[in-house]
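Just below is one structure, and these are the notes that go with it.
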């Protein structure tokens, strides 16, 4: 199975942002709003992802919303600069994979660019895209290196960049490569995700794709997530220092 990305420009790729999480750990810091709308400086976290997509040339975004998703739509509206914003709202929690499967009718491109709505990796998305396209990968995960993988899990790849092991958080310690929450995924794989039930990309889907063209692009770009109050506090200085484009 060969990826159909060849010749497709990033301007034609639909981006899906997973922004439906409950954000239970972060609630003390952002009470009353979804974590994707947590303020970094004076604007919502999601807008930093939008800026990254604009810099890469993207034009179309689907926001996969859940908990307090009405707030996201009300605050962000139908567009951001030249990005067109669409919404896929889950009525019950579907997990990261289930939310993506629900949104699939709105995702017009092949592959689809997927981003977690609560983390940011300061990577050149066009470089990530060309790496994926050049290998005709069926699915490519962006990986970044951290000193302690316990909170994030670990991903191992061989010399060709093919994923050989995918472990979720709490499965190891020490430095290593982690899932940075940005993916390029072909539609035929997304169509295999079960419909109308909770499914996790990290716990169920990615491990099952090992050996089926799942690759990992290794980048040492800066990474931050806002999943805990401590990490959220660090995000303020992370974005204050400036980002590459």
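The values are calculated or read from the model by the stated rules, or taken from the named source; none is laboratory data. Predicted model, so just to flag it, every value in this text is computed and none were measured. Cβ: placed from backbone, ideal geometry, glycine included. Neighbour counts: every protein chain shown.
Which ones in the range 150-165 are surrounded by fewer than 22 Cβ atoms within 10 Å (Cβ to Cβ), closer than 23 Å to residue 96 by Cα and either in contact with a strand residue (DSSP E or B) (Cβ under 7 Å, 6 or more places away or on another chain) or at pLDDT 95 or above (or both)? Steps first, please.
So in the range 150-165, the residues surrounded by fewer than 22 Cβ atoms within 10 Å (Cβ to Cβ) come out as 150-151, 153, 156-162, 164-165.
Going one step further and asking which of them are closer than 23 Å to residue 96 by Cα, we end up with 150-151, 153, 156-157, 162, 164-165.
153, 156, 157, 162, 164, 165, listed by residue number.
In the range 136-149, which residues are under 24 Å from residue 111 (Cβ atoms) and surrounded by 19 or more Cβ atoms within 10 Å (Cβ to Cβ)? Walk me through it before giving the result.
Start the filter on the range 136-149 by keeping residues that are under 24 Å from residue 111 (Cβ atoms), which leaves 136-144.
Residues satisfying the conditions are 137, 138, 139, 140, 141, 142, 143, 144.
Residue 232 passes all but one of (1) in contact with a strand residue (DSSP E or B) (Cβ under 8 Å, 6 or more places away or on another chain); (2) at pLDDT below 95; which number fails?
(1)
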